[in-house]
Structure formats: structure tokens, C-alpha cells
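We did not get these values from a lab; they are worked out from the coordinates using the rules stated. Predicted, not measured: the structure shown is a model, and the values here were computed from it. Don't worry about glycine lacking a Cβ; one is built from the backbone with ideal geometry, like all the others, and counts go over all protein chains shown.
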Amino acid sequence: MNKKIIKIFGLIALIAIVAVCVLSPIMSSAKMVEIESGKDIDLIYHSIDGRRSEDIWKHEGSLTTSKDTKYILKSNGWAQWFSADHMAFGYKKLAFNYSEKAKITCETTMTSFDGLASNAGAGLMIRSGLNPDAACIMLHFRPEQVMVTYRSKDGNESSQGKTLTANTSTMYPASFKMELIKGQNKVKCYYKVGKAKEYAEYATVPFFYGNEIYVGISAYSNDGKYMSTAKFTSFSYLVEAPEGYTVINPDDDEGTSSEPEEEEKIELPEDLPVQENVLLRETFTDGELNNNNGEKQNDITNPIWSGTLDVAQIEMDEEQTNRWMYEYMKGESHYLAGDRNWTDYKAKYELEFTKEYSEGETNEFYAFVRATDMDIYGYEYYYIRFKKAKPTSLDLVLEFGHSPANNLLQVDNTYAIALDSKELGKTLEDFVGKHILEVEAFDNNIKVFLDGEMMFDYTDESEYIKANGCIGFGSNGAAVKVDNILVTDMPDLLGGDYDNRICGRWNDEEPAYLDRFKQENAIY
């Protein structure tokens, strides 16, 4: 065989390999098949009358139709808010006990809403049940706002996912769409107005559900004396799944559960022994943030976190070999762990920013250093925050700041003092992937490293110096995985903890008379 023939066969082989590489993912991707669908169906009316107190009136409402309008939904309800809703709901009940990432898509078009109160609203809703405190998501119009409000789990307080200020009276017809994928505890929300042909992605919010989903239209007037009217010209839904799907426990489904499906228990390796200088190590392998095993509790490798635990989610990777704490498209949330008396330490976080970020959202992630919560003054800490350079920008900035207690601070950093910031030179898209954030707090000096590069070296000489506290992290609409948090002690051979306690004399030796207090295990 001559060289020319060999080259030809080699070229053919190369083309074949490329073809296999390109076509294999396409051929292996499962085709979606329709399980159930409906358009402009007869929705069932339900009055949700979860009164917060005696001050909230009895809900009244109705769902009718006319020659020109498919659905006329009336309500004098108070709101979809707090831990019990008070509103009108027209729904279709769907079984969602399918495997292989089944998907529900529901849409509606609203042509008018005459709510007079500024907090009146109407739009598209998904619920886990008909009870007033069921997990739910409502994508709706108010007279001056486009909004997403949600209750992530049954019994939780409602949260505000996203708000767009606008004169909605000029935006009709308005179409809303929601997408829910099996195995993902979240819902993507879209809307379009006027003559727009394509939906715009609006927000992604958390939603924990069971084997039943209720989809439909909803409304409330926020005025017990006024019956508001919302008119809809269409409603449709589609349930689909990849070919080869199976039904989960069809005989055991009693048709009443709205609880999240219980995750399959998987044996994971125990945490490895820790070195003597380790103060805390969190790998999230226990699947909990607030797990307390009594006598078996090990606060070093199984810390108990405080904060907004009701929206926290621990997820496992597809290989079922690792877990992480996952924040996505939520409002303000925070988590603290460790001892508020810690002084000098190093803290390391493994972060992975995902592609599920929303460009219109805040997209902030921050880590706390030397954090304490105080009954009178709120929260006090140093913080490192990833944020957009400007509210409308996609460019990222890493910010270092301080929240001194005298400002009556809250965790949302509203009154935090930005001490320094650095342009990361990357957009949100460029920053998707894994990163290492490290912080060293020693005496009155804080050093911050990102992927091994020092970003900040700050010495606090102010009167509000923070010389002790635990660690933590938080999110404001970010899509980020947090894992393998490690806190190690940094011994101060010169001043010990004494200089931190008095917030000064950083370069002096610890007074000799303190040895007596230590020997007697007394507080000095």
C-alpha cells in the first residue's frame, strides 16, 4: 500500500472520528415525548381563604367565562403573601410522578386587570397543593409592577423573587410562562407583553414539590370591599418526558401529598480525621445545615449553621460522589457557623459559579469574616463580595468591606462600608466555573486571596475594629455552589488572644499574669 492510499484512508478515518464525536451527543440525547397537554380547558375554581388574623376578611370570588373571554377571575382577596394565601385560583391538577427529568410548561395570556389597590395582582400560578400555606410561585402584574412572589416550601413565609417597576396598564396583552423540570427544585419564569413574539426570561425561583402539581391562574384585590376582575383569553399546559420514562410509585400515590419527594439515601464516606489546628471543616456530606446528632455531634466536621435555613439546599452531583451547598436565584440569604470568640484564623471556600445566573438579577455572593450577631446592633463583620460593577453591568467586581455595629446593620450590607474593590476583568459568563476564595484574619490585618492571588491586604486601625467572630457566607440572587469550607487556627505566639480582646497592643507580648487565669480556666 503506497503512501498516497495511506493518507486517503487516514483522512477518511479522521472524518469518521469527528462525525462520531459531533453526532454522538445528538444521537444519545433522549427525545421528549408528550405525556399530557391541554389548551383552553375548563379550570376548577378554588377560593384560598388563609386569613392571617381577624383583620383579614373572608375571601369571596368566582371563575366564569363569556363570549369574548375564556376566563374571568374575580377576587377580593388580600394577597399571596406571608405564610397563608388569601386569593382566587383557577387550576388544573397534574400528576408529576415521572422519572427522567419530566417537564411541565404552562402558559396564559391576560388581557386586563382592574385592581385598584397598588398591591392588587393577577397572573399565572403553580402550587404544590390547595392549602393556603402550600409551596407556590406567582408570576403576575400589579398596577405598577411586574412581580414574582413565591413560597419555596410548604409552611414557609413567602418571598419576593423579582420586581420590575412599570405601568402595567399599558402592557396588555401580557403572556406568562413557567417551566418546571423533574429533579430540579426551581421554576423558570418568562413573560412577554404587547406585540412581542418571543418570551423574555424573567426570574428563576426555588420550589419544592411532590408528585402533584396545581397549575392555573390567580388573582387578589388587596381590598376586602372591592371585587377585582382579571380577564384571560387562553391557558395551556404541557407535560413531557424523555423516551423511556417511568412512573414513580403509581400505586402508592394517594393524591394528597404536597411534600417534597424523599431523597434516596446514599452511603457516603465519613469525613476524614482533622488535624489539630482545624477549627471547622464543612463538606455538606450529611446533607444538612442544622443537623444535631446529640452526643454524636462533632461541631468541627458537622457544624450547625444559623441563618436562612428554610431556603437552603444541599445537592449531590450526578456521580453521587459529592455534595455542596447550592444557592440559586434567591433573595437575600445568609449562613453563619463556628465560634464568635474565634480570633486569628484562615478560612477557605471552594466556589463554583454556574450558568444559571440571571443577567437582570443582583447576582451577589459574599463571605463573612469575624462575624457576630448582636441582639441590639444586628450583624457585625468584615465581608468579601462578588458583585456587578454597576446594577446594569455584567462586569464583576470583588469588594472588601466592613459592617461596624454602630450602624444598626442587617445582613444585606445596606449600611456596610466598602473599604476597597478590584475589577476582576471578567463578566458573569467568563466567571462561570470553579474558584478558591481564601481569607486570613490575624490581629488587625485581613488578607484576601482569589485563586492564589492576593486581592486585599487591609490593616484596620479604626475605632470599629472587629477582632473576633465566626465565619459565614451569603447570597443575593447568585447562582453558586459552595463546598469544602475549611477554617484553621493561626497561632499568635506574641500576643495570644489578649491583643484581640483589647483590640490593641498587637506587637506586645501577652502579660505574664494571664497565665494564672488560664490555669484556673477563668475568664479574663
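With a sphere of radius 13 Å drawn around the Cβ of L130, what net charge do the other residues whose Cβ falls strictly inside it have (Lys, Arg +1; Asp, Glu -1)?
Once all neighbours under 13 Å are counted, the net charge is -2.
FRET efficiency for D457 and R51, Cβ-Cβ distance as r, R0 = 51 Å, nearest 0.05?
The pair D457/R51 has a calculated efficiency of 0.35.
Mind checking the alpha-carbon convex hull of the stretch 412-472 and giving the volume per residue in Å³?
Per residue, the Cα convex hull of the stretch 412-472 comes to 130 Å³.
Test of understanding: what is the full-extension gain from D114 to K434, defined as 0.36 nm times their sequence separation minus their Cα-Cα distance?
That works out to 110.4 nm of additional length.
With a 10 Å radius around each residue's Cβ, average the other Cβ atoms per peptide and rank 93-99, 239-245, highest first.
93-99, 239-245
Cβ neighbours within 10 Å, averaged per peptide: list 103-111, 481-489 in order, most packed at the top.
103-111, 481-489
Taking the stretch 185-221, which chymotrypsin sites (Phe, Trp or Tyr not before Pro) meet the DSSP loop condition and have no more than 16 other C-beta atoms within 10 Å?
Hits after loop and neighbour filter: Y199.
Using a Förster radius of 25 Å, what is the FRET efficiency between M490 and E350 based on their Cβ-Cβ separation? Nearest 0.05, please.
0.80
Roughly speaking, what is the stretch gain from T64 to T427, that is 0.36 nm per residue apart minus the C-alpha to C-alpha distance, in nm to one decimal?
Once the chain is fully extended between T64 and T427, it gains 125.8 nm.
Using amide H atoms built 1.01 Å from N in the peptide plane, name the residues 5+ places from K162, or on other chains, whose amide H lies under 5 Å from its own.
Amide H neighbours of K162, under 5 Å, 5+ apart: V148.
Between M171 and D339, what FRET efficiency comes out of the Förster formula 1/(1 + (r/R0)^6) with R0 = 60 Å and r the beta carbon distance, rounded to 0.05?
0.70
What translational diffusion coefficient, in µm²/s and rounded to a whole number, does the Stokes-Einstein relation yield for the stretch 135-178 at 10 °C and a viscosity of 1.306 mPa s, taking the hydrodynamic radius as the Kirkwood radius over Cα pairs?
141 µm²/s
Can you divide the C-alpha Rg of the stretch 32-242 by 2.2 N^0.38 Å and report the result to two decimal places?
With N residues counted in the stretch 32-242, Rg over 2.2 N^0.38 Å equals 0.94.
So what is the relative contact order for the stretch 54-160, in percent, with contacts set as C-alpha pairs under 8 Å and at least six apart?
Relative contact order comes out at 20 percent.
Checking the table K153/K434; K182/K422; K92/K192; K195/K422; K93/K192; K31/K231 against a 32 Å threshold on Cα-Cα, which pairs fail?
K182/K422; K195/K422; K31/K231
Given the stretch 63-149, report the % of alpha carbon pairs whose separation exceeds 18 Å.
49 percent
If amide hydrogens are placed 1.01 Å from N in the peptide plane, which non-local residues have theirs closer than 5 Å to the one on I35?
Answer set, sorted by chain and number: V239, E240, A241.
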